[in-house]
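Heads up: the structure comes next, in structure tokens.
What follows draws every value from the coordinates through simple rules; no lab data is involved. Because the structure is a prediction, the values reported are computed rather than measured. Here Cβ is always computed from backbone atoms with ideal geometry, including for glycine, and neighbour counts include all displayed protein chains.
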Amino acid sequence: MKTLNAFDLSELPAIAGQILKETVGEKIFCLFGEMGAGKTTLIQSFCKVLGSDDIVNSPTFSIVNEYERENGSSIFHFDFYRVERLEEVYDIGFEEYIDSGNYCFIEWPEQVMELLPESYVYISIEVTNNGERLISYSVHLRNL
């Protein structure tokens, strides 16, 4: 697991770029962290680095947002904070999104762990007492 420090928001695009570079081939990114840790803000940086100029907001109520990249492909952004039953996730066609070959960024993946693919990028965001963000990441291989 690698850890990067972000002292302010201006560092997030470089951090997102580094994570993407070091996890080439991975398309599923699961972001763990407390409410307000900066999951959506980091996803905004990922989308920018991946070539999307769309406005990135957390899909708390819609569960999934789609953003368009310059090359015409999609980025999918999930927020499972309000999900109460796995049926809700099945109902939106989650497996089709995951199998689409497009980038998928997932907030609150704890709610859907059993539906995640064998391999995904695990990202943890921890806020320190001085407001710094510690962003730890690794490619996670699930034991099936």
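Would you mention how many residues in region 69-125 are under 23 Å from Leu20 (Cα atoms), exposed (fewer than 14 other Cβ atoms within 10 Å of the Cβ) and among the acidic types (Asp, Glu)?
Number satisfying all stated conditions: 6.
So if I check each of Glu34, Glu11, which one is surrounded by fewer than 17 Cβ atoms within 10 Å (Cβ to Cβ), among the acidic types (Asp, Glu) and not in a loop (DSSP other than H, G, I, E, B)?
Working: Glu34 fails: not in a loop (DSSP other than H, G, I, E, B).
Unique residue meeting the criteria: Glu11.
Report the residue count in region 14-31 for those that are part of a helix (DSSP H, G or I) and surrounded by fewer than 19 Cβ atoms within 10 Å (Cβ to Cβ). Reasoning before the result, please.
Taking region 14-31 as the starting set, the residues that turn out to be part of a helix (DSSP H, G or I) are 14-22.
Then drop every residue that is not surrounded by fewer than 19 Cβ atoms within 10 Å (Cβ to Cβ), which leaves 14, 17-18, 20-22.
Qualifying residue count for the region: 6.
Just one of the numbered conditions (1) among the polar types (S, T, N, Q); (2) assigned to a helix (DSSP H, G or I); (3) under 21 Å from Val139 (Cα atoms) is not true of Asn5; which one?
With respect to (1) among the polar types (S, T, N, Q); (2) assigned to a helix (DSSP H, G or I); (3) under 21 Å from Val139 (Cα atoms), Asn5 is out only on (2).
Applying the selection to region 47-57, what residues are in contact with a His (Cβ under 9 Å, 6 or more places away or on another chain) and surrounded by 18 or more Cβ atoms within 10 Å (Cβ to Cβ)? Before the answer, list the steps.
So in region 47-57, the residues in contact with a His (Cβ under 9 Å, 6 or more places away or on another chain) come out as 47, 56-57.
Hits for region 47-57 are Cys47, Val56.
Somewhere in region 89-103, is a residue within 17 Å of Pro13 (Cα to Cα) and of a type outside the set (D, E, K, R)? Even if it seems obvious, please write down each step before you answer.
Filtering region 89-103 down to residues within 17 Å of Pro13 (Cα to Cα) leaves 103.
Those left that are additionally of a type outside the set (D, E, K, R): 103.
Scanning region 89-103 turns up at least one residue that is within 17 Å of Pro13 (Cα to Cα) and of a type outside the set (D, E, K, R).
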